[in-house]
Structures are given as structure tokens and as C-alpha cells.
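Structure, as C-alpha cells:
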Ligand code: PA5
């Protein structure tokens, strides 16, 4: 497949017949997903979203992005959780590490830091600004506060024209944000009611900011549609998303209850965060779930590397390997060889990085850490779209295998209740005061 799971560093931990033993369970769960009969089935809109993408909607996203680009130096995306992590992940992965690609796309409303917001306001001073406020419920406190502050700034600067610079992405009918769309006439996009936040990156939630940032969103959707096709088999040995889910649950049952997503590319940091939300929020309930953690190597081999090698043996690791060597510059030959690096002369960084990965996997296996490897050819929009779908499908399977609903998040409510009580929101005054 376009992304394939390599188990060569896990064979000594899991035998093939253990995977074969869960095939019936996988096939039954596959039917549950595709026939929409499992818990939370009303949130399976993402399953065949990419292959059925509404072409008019795609064109409208692109047109809106063009308009925003034409009139802004900065697009501020306001959202939290599933309403921003996907766009941020793909943006980080596909854009240059230094300087800006084509447009400055930044984020707000993903924290409650006064310092962050003040620095943001200082940063946009004198710049042409547009906003994309994203909230499915339309009532989440963090983005609502950021939007209130930034909307006031926009009204101060642009007066009546401010409304033309604000795009809202929210539910079709429900919530405070939809109401302000109706009142203020903002251009808006709908978040489908059958797609939850952490499965929404391929809707306008992720695509509009990404199109503004200059990402080829058609290729992204194409990659996801390809994944849909390739990951449609109920057979665990023909479907690597299911194989990944099966390995995870077999390892978890054996006490490997922490999964460390490891990448050797710093641009993967954002995708790691998106992946953590996807799996953490989907699986962490009813006292169950694999705890998702992440590292960037070889950077973190010099920090968490020690723990991975010798700490508590409750871990397993999933390494993402980008197989194509896309960067030609080679390590130079040096006449003097004072640093003793001439043995590397004429190798590319990719070759050295790949050997760092093999060396790390071997070391961790020896240290008792099972290592799965996901092989992806390159870091482009197509493969990224594929990878996003791969993880979503694997996550649905994995959560169902462990007996939980992959699509709800009952546990994110309690802190909100407490916060509202402590802050004295009308109707919440009682408990903690
Ligand atoms: O995955 C989820 O459902 C959450 O992370 C939400 O995306 C997050 O809480 C933001 O919610 P909303 O889009 O309603 O503001």
C-alpha cells in the first residue's frame, strides 16, 4: 500500500498466529464500521468523505482562500482541539521550516494565555488581517474569548468592513457562532454534523486554512480517497490500518500501554500532536486506552532516549519512516578530516538519518521495546492525506477492539463545568465556592 506497516522490529514480541487469532474480531468490527452499527455510528461521516467530496464545496473553499490571500498579510485561525490541530499538523509538515511559504497562517484560541494573546495583538499591528473562526459547537470558551478580542480589534481597524474579513466554520444550525454568522453576515462553512472534531481535518475545518497557507488541498483529499480504497479490506493481512490496530491492542493487552510515536523529521511535530488527540480522545475512556506520547529523533535521543532504552518497560514505539531521499546535498569531503567525518563523505543526510533510525530500532528492541514502522514514501500533500485517513481508520478499529466508543469524549466536560463554577458563569454558581 501507499503507507505500509513493517513489523520487522516487532516479530520477536508478536507472533503471526496472534494476529491471525484476532481476524474474526477484526472482520466483525469492520462490518460494524461500514454498516454503521457500532457505538457512535452517527459520527462516521469521515469514512467515505474524501471519495465523495462535494466539488462545489471544494471550489468554494479555494475561491474563499484566494480572496483571503489577496487581502491579508496574516490569517488568524481561531479554534481548539479538533478545530485547529489538523490544519496546524499539515501546515507544519508541508511548509518550509524557516520563513514563510506563501501566507502567514497563525493560531489563536487554543489556550487561555494572556501573554500569548497580547503578543499576537502586537504582532498583527500594522498588518492586514483576516480571521477564520472555527468551532463546531460554537460555544467553546477558549476560541470564543479569542474571537471576542480579535473581533473588537478588527472592528476598530476596519469598521463595517471587518465582517468581510471574518470567515466562520461551524455547525449548520446550532450554537452561538452560527447565530453571529446570521446576524453579522460572515461568509461561513459548515462542519458536517456526522463528523466529530478530531476526524474533521479533511473538511473546511482543515482545508480552508491550509488552502490559504498554500497547501494543495486537492492532493490532500486525493491521498485520503486513495487510502479509502486501499484500506477497505476486512482482512487484517490485507489492510495495514487494521494490522496497526491489531498490533496496538495485542501489545496493550501485554502491558505495553504507552505508545510513543517517533519521527526522524522535525516537521512531524504537529502531526504528532494531531495523532495524540485522535488516539487519546478516542480511546482514553472507561479506565482503558493506550497513552499516546511522541518524540522527534534524533533530537530526543539526547533527552527521552535514555527512558526509552532503560526506563519502565510499559512502552512500545511506532516509527514513521519517509523512504524517499529527496534532498541531494551530501556531506562534504574534507581534506584535513580533523573531525573524523570523512567516512560519511558523499552520503546524504537521508542515508545517515535512516541508519540512525535502524540503529535506534535495534537498540530499543534489545531494550525490550517493540517497534512498529510505518513506511511512507514522501512528505507531500498526497501522502499526508493518505496518512491522516490511515490513522483515522486505524483509530476507529483500535477503539472498537478495546470495547470503547471511538467518537465521543465525555471526559472533556468536567474541567469546563468546574471552570464555569469557579468563574461564576450564570447557572453554574454552586459547587466549588
Ligand atoms: O475532538 C473534539 O471533539 C474536541 O477536541 C473539539 O474539537 C474541541 O473541544 C473544540 O470543539 P468546538 O469545535 O466545538 O469548539
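The values are calculated or read from the model by the stated rules, or taken from the named source; none is laboratory data. Since this is a predicted model, take the numbers as computed values, not measurements. Here Cβ is always computed from backbone atoms with ideal geometry, including for glycine, and neighbour counts include all displayed protein chains.
Yes or no: residue 183 in a helix (DSSP H, G or I) and in contact (Cβ under 8 Å) with a residue 24 or more places away in the chain?
On the way: in a helix (DSSP H, G or I): yes; in contact (Cβ under 8 Å) with a residue 24 or more places away in the chain: no.
Criteria not met by residue 183.
Among the listed residues 18, 42, identify the single one that is in contact with a helix residue (DSSP H, G or I) (Cβ under 9 Å, 6 or more places away or on another chain) and part of a helix (DSSP H, G or I). Lay out the reasoning, then the answer.
Details: 42 fails: in contact with a helix residue (DSSP H, G or I) (Cβ under 9 Å, 6 or more places away or on another chain).
Among 18, 42, only 18 is in contact with a helix residue (DSSP H, G or I) (Cβ under 9 Å, 6 or more places away or on another chain) and part of a helix (DSSP H, G or I).
Name the one entry in 359, 394, 399 that is at pLDDT 95 or above and within 16 Å of the ligand (Cβ to nearest atom). If you could, list the steps in order and put the result at the bottom.
Working: 359 fails: within 16 Å of the ligand (Cβ to nearest atom); 394 fails: within 16 Å of the ligand (Cβ to nearest atom).
Selected residue: 399, the only one of 359, 394, 399 that is at pLDDT 95 or above and within 16 Å of the ligand (Cβ to nearest atom).
For the range 402-413, how many residues meet the condition of being more than 16 Å from the ligand (Cβ to nearest atom) and surrounded by 24 or more Cβ atoms within 10 Å (Cβ to Cβ)? Full working, then the answer.
Here is the first cut: in the range 402-413, the residues more than 16 Å from the ligand (Cβ to nearest atom) are 402-403.
From what is left, the residues that are surrounded by 24 or more Cβ atoms within 10 Å (Cβ to Cβ) are none.
Qualifying residue count, the range 402-413: 0.
What is the number of the single condition among (1) within 17 Å of residue 59 (Cβ to Cβ); (2) within 16 Å of the ligand (Cβ to nearest atom); (3) assigned to a loop (DSSP other than H, G, I, E, B) that residue 201 does not meet?
Answer for residue 201: the failing condition is (1).
Being in contact (Cβ under 8 Å) with a residue 24 or more places away in the chain, over 27 Å from the mean Cα position of the chain (by Cα) and in a helix (DSSP H, G or I) narrows it down to one of 308, 301, 362, so name that one. Before the answer, list the steps.
Values: 308 fails: over 27 Å from the mean Cα position of the chain (by Cα); 301 fails: over 27 Å from the mean Cα position of the chain (by Cα).
It is 362.
I'd like to know if the range 123-136 contains one or more residues that are part of a loop (DSSP other than H, G, I, E, B) and within 16 Å of the ligand (Cβ to nearest atom).
As a first pass, look at the range 123-136 and keep what is part of a loop (DSSP other than H, G, I, E, B): 125-128, 136.
This time we only want the ones that are within 16 Å of the ligand (Cβ to nearest atom), so: 136.
Yes - at least one qualifying residue is present in the range 123-136.
With the condition kept exactly as written, say whether any residue in the range 41-64 is at pLDDT below 95 and within 22 Å of the chain's Cα centre (by Cα).
No, the range 41-64 contains no residue that is at pLDDT below 95 and within 22 Å of the chain's Cα centre (by Cα).
Return the total of residues in the range 118-143 being without any contact (Cβ under 8 Å) to a residue 60 or more places away in the chain and out of contact with any strand residue (DSSP E or B) (no Cβ under 9 Å at 6 or more places or on another chain).
Step one: of the range 118-143, the residues without any contact (Cβ under 8 Å) to a residue 60 or more places away in the chain are 118-129, 131, 133, 135, 137-139.
Of the ones still in play, those that are also out of contact with any strand residue (DSSP E or B) (no Cβ under 9 Å at 6 or more places or on another chain) are 118-119, 121-122, 125-126, 139.
Total satisfying the criteria: 7.
Looking only at the range 397-406, decide whether some residue is touching a residue at least 24 places away in the same chain (Cβ under 8 Å) and more than 16 Å from residue 280 (Cα to Cα).
Of the range 397-406, the ones touching a residue at least 24 places away in the same chain (Cβ under 8 Å) are 397-406.
Okay, now just the ones that are also more than 16 Å from residue 280 (Cα to Cα), so none.
Checking the range 397-406: not a single residue is touching a residue at least 24 places away in the same chain (Cβ under 8 Å) and more than 16 Å from residue 280 (Cα to Cα).
Taking the conditions exactly as written (touching a residue at least 60 places away in the same chain (Cβ under 8 Å), surrounded by fewer than 16 Cβ atoms within 10 Å (Cβ to Cβ) and closer than 24 Å to residue 197 by Cβ), does residue 42 satisfy them or not?
In short, yes.
Identify, from the list 326, 351, 336, 366, the residue that is surrounded by fewer than 18 Cβ atoms within 10 Å (Cβ to Cβ), at pLDDT below 95 and farther than 30 Å from residue 48 by Cβ. Spell out the reasoning first.
On the way: 351 fails: at pLDDT below 95; 336 fails: at pLDDT below 95; 366 fails: at pLDDT below 95.
Result: 326 is the single residue among 326, 351, 336, 366 that is surrounded by fewer than 18 Cβ atoms within 10 Å (Cβ to Cβ), at pLDDT below 95 and farther than 30 Å from residue 48 by Cβ.
Quick check on residue 236: is it within 20 Å of residue 50 (Cα to Cα), buried (at least 19 other Cβ atoms within 10 Å of the Cβ), more than 16 Å from the ligand (Cβ to nearest atom) and modelled with pLDDT of 95 or more? Before you say what the answer is, go through the steps one by one.
Numbers: within 20 Å of residue 50 (Cα to Cα): no; buried (at least 19 other Cβ atoms within 10 Å of the Cβ): yes; more than 16 Å from the ligand (Cβ to nearest atom): yes; modelled with pLDDT of 95 or more: yes.
Considered against the rule, which asks whether it is within 20 Å of residue 50 (Cα to Cα), buried (at least 19 other Cβ atoms within 10 Å of the Cβ), more than 16 Å from the ligand (Cβ to nearest atom) and modelled with pLDDT of 95 or more, residue 236 comes out as no.
Would you mind stating whether residue 167 is under 18 Å from residue 80 (Cβ atoms), surrounded by 14 or more Cβ atoms within 10 Å (Cβ to Cβ) and away from the ligand (no atom under 16 Å from the Cβ)?
Values: under 18 Å from residue 80 (Cβ atoms): yes; surrounded by 14 or more Cβ atoms within 10 Å (Cβ to Cβ): yes; away from the ligand (no atom under 16 Å from the Cβ): no.
Spelling it out, it is not the case that residue 167 is under 18 Å from residue 80 (Cβ atoms), surrounded by 14 or more Cβ atoms within 10 Å (Cβ to Cβ) and away from the ligand (no atom under 16 Å from the Cβ).
Do you know which of the residues in the range 85-117 that are in contact (Cβ under 8 Å) with a residue 60 or more places away in the chain and loosely packed, with under 15 Cβ neighbours inside 10 Å is farthest from residue 270 (Cα to Cα)? Outline the logic, then answer.
As a first pass, look at the range 85-117 and keep what is in contact (Cβ under 8 Å) with a residue 60 or more places away in the chain: 85-95, 97, 101-103, 105.
Those still in the list that are loosely packed, with under 15 Cβ neighbours inside 10 Å too: 97, 101-102.
On the way: 97: 12, 101: 17, 102: 19 Å.
Here the answer is 102.
Among 110, 91, 95, which is the only one that is within 21 Å of the chain's Cα centre (by Cα) and within 13 Å of the ligand (Cβ to nearest atom)? Spell out how you get there, then give the answer.
Numbers: 91 fails: within 13 Å of the ligand (Cβ to nearest atom); 95 fails: within 13 Å of the ligand (Cβ to nearest atom).
Unique residue meeting the criteria: 110.
Determine which member of the set 146, 204 is in contact (Cβ under 8 Å) with a residue 40 or more places away in the chain, over 28 Å from residue 44 (Cα atoms) and surrounded by 24 or more Cβ atoms within 10 Å (Cβ to Cβ).
Working: 204 fails: over 28 Å from residue 44 (Cα atoms).
Going through 146, 204 in turn, just one is in contact (Cβ under 8 Å) with a residue 40 or more places away in the chain, over 28 Å from residue 44 (Cα atoms) and surrounded by 24 or more Cβ atoms within 10 Å (Cβ to Cβ): 146.
Quick check on the range 156-164. Is at least one of its residues at positive phi and assigned to a helix (DSSP H, G or I)?
Step one: list which residues in the range 156-164 are at positive phi, which gives 159.
Next, from what is left, pick out any that are assigned to a helix (DSSP H, G or I): 159.
There is at least one residue in the range 156-164 that is at positive phi and assigned to a helix (DSSP H, G or I).
Can you name the number of the only condition in (1) within 19 Å of residue 413 (Cβ to Cβ); (2) in contact with a helix residue (DSSP H, G or I) (Cβ under 7 Å, 6 or more places away or on another chain); (3) at pLDDT 95 or above that residue 139 fails?
Exception for residue 139: condition (3).
Could you please find all residues in the range 273-291 being away from the ligand (no atom under 16 Å from the Cβ) and either in a loop (DSSP other than H, G, I, E, B) or crowded, with 18+ Cβ neighbours inside 10 Å (or both)?
Just the residues of the range 273-291 that are away from the ligand (no atom under 16 Å from the Cβ), to begin with: 286-288, 290-291.
Those that are away from the ligand (no atom under 16 Å from the Cβ) and either in a loop (DSSP other than H, G, I, E, B) or crowded, with 18+ Cβ neighbours inside 10 Å (or both): 286, 287, 288, 290.
Of the numbered conditions (1) in contact with a strand residue (DSSP E or B) (Cβ under 7 Å, 6 or more places away or on another chain); (2) surrounded by 14 or more Cβ atoms within 10 Å (Cβ to Cβ); (3) under 30 Å from residue 162 (Cβ atoms), residue 71 satisfies every one except a single condition; which is it?
(2)
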